[in-house]
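What follows is one structure encoded as structure tokens, with my remarks underneath.
The values are calculated or read from the model by the stated rules, or taken from the named source; none is laboratory data. Remember, it's a predicted structure, so these values are computed and weren't measured experimentally. Ideal geometry is used to build each Cβ from the backbone, glycine not excepted, and the neighbour counts take in all protein chains shown. Just the protein is used for accessible areas: all its heavy atoms, side chains included, with ligands, DNA and RNA removed. Shrake-Rupley method; radii C 1.70, N 1.55, O 1.52, S 1.80 Å.
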Amino acid sequence: MSTNVTDAGPFEKLMTFEVSSETLLAAENRVARKLSREVKIKGFRPGRAPRRVVESVVGGERLRSDAIDDLLPALIAEALNECGLVPAVNPSVDKIEDVDDGIEVQVRVTLWPELDTVPEFRDREVEVNVPDVDEEEMRSQIDRMRDQFSELETVDRPVVEGDFVAIDLSATLDGEPVENATAGDLLLEAGSGSFIEGIDEHIIGKKAGDIVEFDGPLPAGFGDRVGEQVTFRVLVKEVKEKRLPDLTDEWVSDVTEFETVEEMRSDLERRMTEVKRAGSITQLRNGILQQLLDEMELEIPEGVIGAEMGTVSPMSSKDKGSRWPTTCGSPARTKRRSSVTFAVGPTVTCEPTSCSTRLPRQKASR
């Protein structure tokens, strides 16, 4: 295939090539066979209708358009290889015109910009977090684990933040009950702010048997009435306090793979340190990349920006500017925080790192 390449801008090339009528005819025949299997044609079994019948049903324009759509991806890939072009985003079809022996296709190719010189990355310094685990972080992690095995215990005292409260709830508007706004035995965590706006401040300090009334908006779930001001009536039925299990060797042995608290703490510290160290490596990588980016004077092609913003959408070849989906990546940006300094030597290689925190595995039930 003969392809002509011309400049279309600082980062763009125009590839022009022809598709012969013979090639186009073969593609139309393939498409006709495919359509004969997909389109119901009276008097013919699926896949048995001849091309002329298929064309009379779907139209010659549809047949030709689908044939071009079928041909273009492979032809564009062949043209790119022939011209030695590596596109930054998927090429777009600018125009398709009829010529004496077929069609002429013009494709716009956006290229990556080239740097004359690359900033030196060696011997740079980037401030990252110290990958050490302090006692507060360790205690918080263990408390989250204990919380998974917590129990609720009924208490005879006023509600405090963090308690779980069993309530009956109803709502009225101008003295009339609000439809579907009555519920019994709801369990609400006081202070969570996750239910009705303002309810926490009215139930904290109350005891079982107390009734409170207050005005507030209807929460999500009431369709067009969401946010409508009504009067809520709440009966506090029971106050439950969350009790965490004691941190003992016996409890650790029952619910984890370890036998003692010290063994569990040692393993948690190791895992948490690994996660923080991976985070520090990521900070190092991003910090170096940001320094390099700040020193580069580089104009980014509009096609790359458009693809990154999600403005490049797939269209068929019968639409002007036909495109295929593409995904472009960009280096992450992070704020640099002061803690410890790493000197980047000549052999440093930074790779993307994915981290997650995992608690010790639980033993099978005894």
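The table for this structure:
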| item | result |
| --- | --- |
| Test: residue in the range 65-76 that is under 24 Å from Glu114 (Cβ atoms) and crowded, with 17+ Cβ neighbours inside 10 Å | yes |
| Output for the range 102-118, where each listed residue is surrounded by 13 or more Cβ atoms within 10 Å (Cβ to Cβ) and not small (Gly, Ala, Ser) | Ile103, Glu104, Val105, Gln106, Val107, Arg108, Val109, Thr110, Leu111, Trp112, Pro113 |
| Sole exception among (1) under 16 Å from Met1 (Cβ atoms); (2) touching a residue at least 40 places away in the same chain (Cβ under 8 Å) for Arg64, by number | (1) |
| Answer residue from the range 17-50, given it is in contact with a helix residue (DSSP H, G or I) (Cβ under 9 Å, 6 or more places away or on another chain) and among the hydroxyl-bearing types (Ser, Thr, Tyr) and is surrounded by the fewest Cβ atoms within 10 Å (Cβ to Cβ) among those | Thr23 |
| Criterion (surrounded by 12 or more Cβ atoms within 10 Å (Cβ to Cβ), free of Cβ contacts under 8 Å to residues at least 40 places away in the same chain and among the β-branched types (Val, Ile, Thr)) met by exactly one of Ile167, Ile142, Ile196, Ile96 | Ile196 |
| Counted residues, the range 202-222 - those being open to solvent by 60 Å² or more (accessible area, probe 1.4 Å) and farther than 14 Å from Phe164 by Cα | 5 |
| Subset of the range 257-311 (residues that are small (Gly, Ala, Ser), surrounded by 13 or more Cβ atoms within 10 Å (Cβ to Cβ) and modelled with pLDDT under 90) | Gly303, Gly306, Ala307 |
| Residues within the range 14-34 that are over 22 Å from Ala79 (Cα atoms) and of a type in the set (Gly, Ala, Ser), tallied | 1 |
| Test result for Glu136, closer than 30 Å to Met264 by Cβ and open to solvent by 60 Å² or more (accessible area, probe 1.4 Å) | yes |
| Residues satisfying the stated conditions in the range 51-64, i.e. at pLDDT below 90 and open to solvent by less than 20 Å² (accessible area, probe 1.4 Å) | Val54 |
| Test: residue in the range 96-115 that is under 30 Å from Leu293 (Cβ atoms), out of contact with any Gly (no Cβ under 8 Å at 6 or more places or on another chain) and aromatic (Phe, Trp, Tyr) | yes |
| Hits in the range 102-124 (condition: at pLDDT below 90 and either within 29 Å of Thr6 (Cβ to Cβ) or not basic (Lys, Arg) (or both)) | Trp112, Pro113, Glu114, Leu115, Asp116, Thr117, Val118, Pro119, Glu120, Phe121, Asp123 |
| Top-ranked residue of the range 223-241 - restricted to ones that are over 35 Å from the mean Cα position of the chain (by Cα) and among the β-branched types (Val, Ile, Thr), ranked as most open to solvent (accessible area, probe 1.4 Å) | Thr231 |
| Selection within the range 173-183 - over 36 Å from the mean Cα position of the chain (by Cα) and open to solvent by less than 50 Å² (accessible area, probe 1.4 Å) | Val178, Ala183 |
